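Chemist: Here's a structure for you.
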Amino acid sequence: MSGPLDGVRILDLTRLLPGGYCTLLLADLGADVIKVEEPGRGDYVRLMPPLVEGDSAFHLALNRGKRSVTLNLKSLEGAATLRRLARWADALVESFRPGVLDELGVGYPALAAENERLVYVAISGYGQDGPYRDRVGHDVNYVGVAGALALNAPPGGAPIVPPVQVGDLGGGMAAAVGLVACLDEARRTGRGRFVDIAMMDVAFSWLQIPVATYLATGERPRPGGEWLTGGYAFYRVYEAGDGRFLAVGAVEPKFWQAFCEALSLPELAAEQAAGPERQEEVAARVGAVLATRPRDEWLARLEGLETCVGPVNDLPEALDDPQLRHRGMVASVEGRPVGAASPIRVSGWEPQARPAPRLGEHTEQVLAEAGLAPEEVAGLREGGAL
């Protein structure tokens, strides 16, 4: 069975994680993703360690299932070639600083003039307008401005850099959503769109609960002190007797009651929503009981009970977790595991396990499909455009 995006051609001009993750999701849904890369160097992710037989492990995971074309966009011939590719494509994703591709003659106005149904997605740190438009940055900067980083801290402690790149990955997923939505409209109306994705915006949009609470009450959120950030005993991490950890998420009263009863602390069921001054005492009593047995013994004792308790897996444990293994969350290419698999499951469709492309591996193939004659391709190569 063909994939949901079978036949969709996407030009990927992005580098590193945000755009690469966006187009990986789309490739795993069947889109023909064509990386348009700088000759000689390509996507910077190709150079990032660790290396596996000379290839970046990050590249092998993030760019699997895509094709690669090399094109020098700083040359007149290279820019003209991209405009020709845009006539043939359905969508384009880029992650340059705002205005860079306009200066090269291949921004949205120029490409929309070649193909009015083109969906053009621009991923940037702070968006295409506003006072921060031209700022450089990375994920830690975007989540810092958005207010997310300040909340990722223990009570009275310094903010901790998140272990996953919230703005990068969230921005990539938001870009994929925007692209697919506008692609559907383009098929219905013949009109494309410009999609402006700011990773700062995405990080802020993920703060739905703290933003809504603050706007309603005017109370400043307490890092590590709110219901869902560890300030309450029913939703936090506890250390077991062997130094490993348990994640307790007993939000609903029935789950908290079942948990307290399982720990022979039924009297604490009524303390679930007690004020902050009581929460540390409740948590201390829970922690003292959990410290009497190893983590996995507690998991076995709580198995089958509706308590919302699970392990805090380290990465090797997560890779070996029976649920993650059952869900097939490790992607393999040619029999070798390379990275995390797509979280989007579609009935009757399995992503094609094609390897990540060598730099420029599909240049002649793609240009021929786009209608360029062999002598044109040869001329572009001789002129340094490829």
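Chemist: How far apart, in nm, are two points set 7 Å out from the Cα along the Cα-to-Cβ line at residue 113 and at residue 306?
Modeler: That separation, rounded to one decimal, is 6.3 nm.
Chemist: Still on this structure: Taking a cut-off of 18 Å between Cα atoms, list the lysines near residue 35, but don't count ones fewer than 8 places away on the same chain.
Modeler: 66, 74
Chemist: Related question: Quick one: if the Förster radius is 25 Å, what FRET efficiency do residue 334 and residue 368 give, using the C-beta to C-beta distance and rounding to 0.05? Display every interim value, and only then the final one.
Modeler: Numbers: r = 26 Å, r/R0 = 1.04.
After rounding, the FRET efficiency stands at 0.45.
Chemist: How high is the FRET efficiency between residue 267 and residue 217 when r is their beta carbon distance and R₀ equals 30 Å, given to the nearest 0.05?
Modeler: Working: r = 31 Å, r/R0 = 1.02.
Working from the Cβ atoms, E equals 0.45.
Chemist: Whole number in Å², please: accessible area per residue of segment 1-126, 1.4 Å probe, ligands, DNA and RNA not counted. List each step's numbers first, then the result.
Modeler: Details: 4580 Å² over 126 residues.
That works out to 36 Å² per residue.
Chemist: Now, a different point. Going by a ≥ b ≥ c, the root eigenvalues of the Cα gyration tensor, does segment 212-273 fall in the rounded group (a/c under 1.5), the prolate group (a/b larger than b/c) or the oblate group?
Modeler: Values: a/c = 3.11, a/b = 1.58, b/c = 1.98.
Cα axes put segment 212-273 in the oblate bin.
Chemist: Among 198-211, 215-228, how do they line up from the highest to the lowest mean number of other beta-carbon atoms within 10 Å? Don't jump to the answer; show the numbers that get you there.
Modeler: On the way: 198-211: 19.4, 215-228: 13.1.
Peptide ranking by packing, descending: 198-211, 215-228.
Chemist: While we're looking at this one, here's another question. Computed FRET efficiency, Cβ-Cβ of residue 6 and residue 318, R0 25 Å: what is it to the nearest 0.05? Don't jump to the answer; show the numbers that get you there.
Modeler: Numbers: r = 32 Å, r/R0 = 1.27.
E(calc), rounded to 0.05, equals 0.20.
Chemist: Same structure again: Please get the size of the charge dipole for segment 171-305, origin at its Cα centre, with Cβ charges of +1 on Lys and Arg and -1 on Asp and Glu, quoted in debye to the nearest 20. Write down the numbers at each step before the final one.
Modeler: Working: 14 positive and 18 negative charges, 104 e Å.
About 500 debye.
Chemist: Arrange the peptides 105-112, 322-329, 294-301 so that the one whose residues have, on average, the most other Cβ atoms within 10 Å appears first.
Modeler: 105-112, 294-301, 322-329
Chemist: Which of the helices in the chain, when you take each full DSSP H run, stretch at least 24 Å along the axis at their Cα atoms and have an average Kyte-Doolittle score of 0.5 or higher?
Modeler: Counting only whole DSSP H runs, the qualifying helices are 166-189.
Chemist: If packing is taken as the average number of other Cβ atoms within 10 Å across a peptide's residues, how do 71-78, 83-90, 314-321 rank, most packed first?
Modeler: My ranking of the peptides, most packed first, is 83-90, 71-78, 314-321.
Chemist: Nearest 500 deg cm²/dmol is fine: what mean residue ellipticity at 222 nm does the chain get from its DSSP H runs of n ≥ 4 alone, each adding -39,500 (n - 2.57), divided by its residue count? Numbers along the way, then the final one.
Modeler: On the way: 17 runs with 155 residues, N = 386.
About -11500 deg cm²/dmol.
Chemist: Counting only heavy atoms of protein chains, what accessible area per residue, in Å², does segment 198-328 have with a probe of 1.4 Å?
Modeler: 59 Å²
Chemist: Turning to a different aspect of this structure: Bin width 10 Å, alpha-carbon pairs only: give the P(r) of segment 194-237 as whole percents, running from 0 to the bin holding the largest distance.
Modeler: In order of increasing distance, the bins hold 24, 41, 26, 8, 1 percent.
Chemist: Let me ask something else. Rounded to the nearest 5, what % of the DSSP beta bridges within the chain are antiparallel ones?
Modeler: Details: 15 of 35 bridges.
So the antiparallel bridges in the chain amount to around 45 percent.
Chemist: Follow-up question, since we're still on this one. Would you work out what percent of the accessible area of segment 199-280, with all protein chains in place, is carbon or sulfur (probe 1.4 Å)? Working shown, then result.
Modeler: On the way: 2700 of 4620 Å².
The nonpolar share, carbon plus sulfur, comes to 58 percent.
Chemist: Another question, if that's okay. Quickly work out the residue 239-to-residue 185 label distance, labels modelled 7 Å from Cα along the C-beta direction, and quote it in nm with one decimal.
Modeler: 5.3 nm
The values are calculated or read from the model by the stated rules, or taken from the named source; none is laboratory data. This one's a predicted model, so the numbers in the text were calculated from it and none came from an experiment. Glycine also receives a Cβ, built like all others from the backbone with ideal geometry; neighbour counts cover every protein chain displayed. These accessible areas exclude ligands, DNA and RNA; they are computed on the full protein's heavy atoms, side chains included. Shrake-Rupley method; radii C 1.70, N 1.55, O 1.52, S 1.80 Å.
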